[in-house]
1. Report the residue count in the range 123-136 for those that are over 28 Å from LEU90 (Cα atoms) and either open to solvent by 80 Å² or more (accessible area, probe 1.4 Å) or of a type in the set (Ser, Thr, Tyr) (or both).
2. Return the residues of the range 97-117 that are aliphatic (A, V, I, L, M) and under 11 Å from the mean Cα position of the chain (by Cα); say none if nothing qualifies.
3. When only residues in the range 68-122 that are open to solvent by less than 10 Å² (accessible area, probe 1.4 Å) and small (Gly, Ala, Ser) count, which is nearest to GLU49 (Cα to Cα)?
4. Name every residue in the range 92-112 that is over 20 Å from GLY33 (Cβ atoms) and without any contact (Cβ under 8 Å) to a residue 60 or more places away in the chain, in order of residue number.
5. How many residues are open to solvent by 30 Å² or more (accessible area, probe 1.4 Å) and part of a loop (DSSP other than H, G, I, E, B) if we restrict to the range 51-67?
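The values are calculated or read from the model by the stated rules, or taken from the named source; none is laboratory data. Small disclaimer: the values here were computed from a predicted structure and weren't measured. All Cβ positions, even for glycine, are placed from backbone atoms using ideal geometry, and neighbour counts span all protein chains on display. Keep in mind that these areas ignore ligands, DNA and RNA; they rest on the heavy atoms of the full protein, side chains included. Shrake-Rupley method; radii C 1.70, N 1.55, O 1.52, S 1.80 Å.
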Amino acid sequence: MGGIDSEVEKSAQKEKEQKKLLALAPIAKPLAGKTLNKRIFKLVRRAAEKKCLKRGVKEVVKSIRRGQKGVCVIAGNISPIDVITHVPILCEEADIPYIYVSSKEDLANAGATKRPTCCVLVQTKPAKGELSQEDQEKLKTDYDQVVSEVGEMASSMF
């Protein structure tokens, strides 16, 4: 009997994934794959705990215009799409790597908010105060790993 339940759950999970992919915007490129998604959400979660995260279009745009660096994670299922179409352009002008993920709800969960989030900017240093050396190194290694993979995806796109 236990095998039937797990098959039903697996089919429901696949159906959810299909719906997420159907809701994606046409400009959502480069889109993170499954393993990169997990790494990105882990990085976003860690950055949120250490207060190294800017949430929402307004905060992200303000930070980019002020010259702050990081990696920008954008949700691909935003409607209307006009809300975020300018963010990748700003990122390219400021040499900030950016990547799309499939769901704004998943991005919000990773960023420790209940409200769905369009985009986040992950930074290596908090806005106020300092991180301990150990926390700084963990965040930096995760950050560097994600940035290198995002760079590879972006270079293969062009």
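1. 3
2. Here is the first cut: in the range 97-117, the residues aliphatic (A, V, I, L, M) are 99, 101, 107-108, 110, 112.
Hits for the range 97-117 are ILE99, VAL101, LEU107, ALA108, ALA110.
3. Looking at the filtered set, the residue picked out is GLY111.
4. Residues satisfying the conditions are GLU92, GLU93, ALA94, ASP95, ILE96, ALA108.
5. Total meeting the criteria: 3.
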